[in-house]
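The values are calculated or read from the model by the stated rules, or taken from the named source; none is laboratory data. Model, not experiment: these values are computed from the prediction. Glycine gets a Cβ as well: all are built from the backbone with ideal geometry, and neighbour counts include every protein chain shown. Remember, those area values only see protein heavy atoms, side chains included, never the ligands or the DNA or RNA. Shrake-Rupley method; radii C 1.70, N 1.55, O 1.52, S 1.80 Å.
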Amino acid sequence: MKFYASLVLATGMAVAAQTGSAADITGTVTLNGTPPAEKPITPLKDDPTCGKFHSEMPTTHFYVVGPNKELADVVVLLKGVTGKSTGASAPAVELDQKGCLYEPQIMAIQTSQKLIVKNSDPVLHNVHVTPTVAGNSEQNQAQMAGAPDLTMTFATPENFMRFKCDVHPWMFAWVTVVDSPYFAVTGKDGTFKITNVPPGKYTLTALHRKAAPTGMDKEIEVKEGETTKQDFALEVK
Ligand SMILES: [Cu+2]
């Protein structure tokens, strides 16, 4: 009985130590300057099939900016942290094709994490992945209406790996592959939260396809059990 009690105590302490050591990184990304007007996707609106899915003229979404300059679609990650992926056991994530557009257009996954590519449209799409980093292979697969989901994984970190559709030349998505679970993508409020980061010094990078395609770096230190706050102010390019 005594032995059992001490085991429970030991386990409890181990859990407490674990939750106490790792910490979160949070912040907000804002955009300075006025972004250029988004471009109308006229070929989509004019397409006899896909055009029907859009009552208004669809546009690009290069800069998704909130009322207080909050910037969405920014991938924030710990630069150079590799070999820490938990992707093989992490839940799968989805990339959909809807209204002849990829949804979402910006996302991030871990290496070895399953990416499920869906076709929610009653039309044929052709999913064409064009990696630029050795280790990630090009993929080119037709996906009929109602066809089963495609499942993909990527082995190597890559920023903004491009997905295109060979049937609809306006369809793009950019998927960033990270070799750790330490990343987040900002939502419409511009905020991000990276959780359970082991204490240490890191370079935190904010990547935006237009404003910071190669990333804006900030040197940070994560301290045990203490939330690290780091904002980014990107500039229109
Ligand atoms: Cu398509």
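Just a few scattered comments:
- Restricting the first member to the stretch 116-142 and to residues that are under 14 Å from residue 171 (Cβ atoms) and in a strand (DSSP E or B), and the second to residues that are more than 15 Å from the ligand (Cβ to nearest atom) and among the aromatic types (Phe, Trp, Tyr), no beta-carbon pair is closer than 7 Å while six or more apart or on different chains.
- Here the condition is being within 12 Å of the ligand (Cβ to nearest atom) and within 29 Å of residue 46 (Cβ to Cβ); of 171, 107, it holds for 171 alone.
- Whichever residue in the stretch 124-149 is hydrophobic (A, V, I, L, M, F, W, C) and open to solvent by 20 Å² or more (accessible area, probe 1.4 Å) and, among such residues, is farthest from residue 40 (Cα to Cα): 134
- Of the residues making up the stretch 47-86, those that are outside any loop (DSSP other than H, G, I, E, B) and over 26 Å from residue 27 (Cα atoms) are 50, 51, 52, 53, 59.
- Candidate set from the stretch 92-104 (those that are within 23 Å of residue 178 (Cα to Cα) and in a loop (DSSP other than H, G, I, E, B)); member that is farthest from the ligand (Cβ to nearest atom): 92
- Just one of the listed residues (67, 58) is within 15 Å of residue 188 (Cβ to Cβ) and more than 17 Å from the chain's Cα centre (by Cα), namely 67.
- Candidate set from the stretch 201-227 (those that are more than 27 Å from residue 64 (Cα to Cα) and without any contact (Cβ under 8 Å) to a residue 60 or more places away in the chain); member that is most open to solvent (accessible area, probe 1.4 Å): 201
- Look at the stretch 47-66: where a residue is among the aliphatic types (A, V, I, L, M) and a partner is within 14 Å of the ligand (Cβ to nearest atom) and in a loop (DSSP other than H, G, I, E, B), sitting 6+ places away or on another chain with Cβ atoms under 9 Å, you get 57/41.
- Residue count for the stretch 175-200 satisfying the condition of being open to solvent by 20 Å² or more (accessible area, probe 1.4 Å), within 18 Å of residue 63 (Cα to Cα) and either polar (S, T, N, Q) or within 16 Å of the ligand (Cβ to nearest atom) (or both): 1.
- Residue check, residue 97 crowded, with 21+ Cβ neighbours inside 10 Å and touching a helix residue (DSSP H, G or I) at 6+ places or on another chain (Cβ under 6 Å): no
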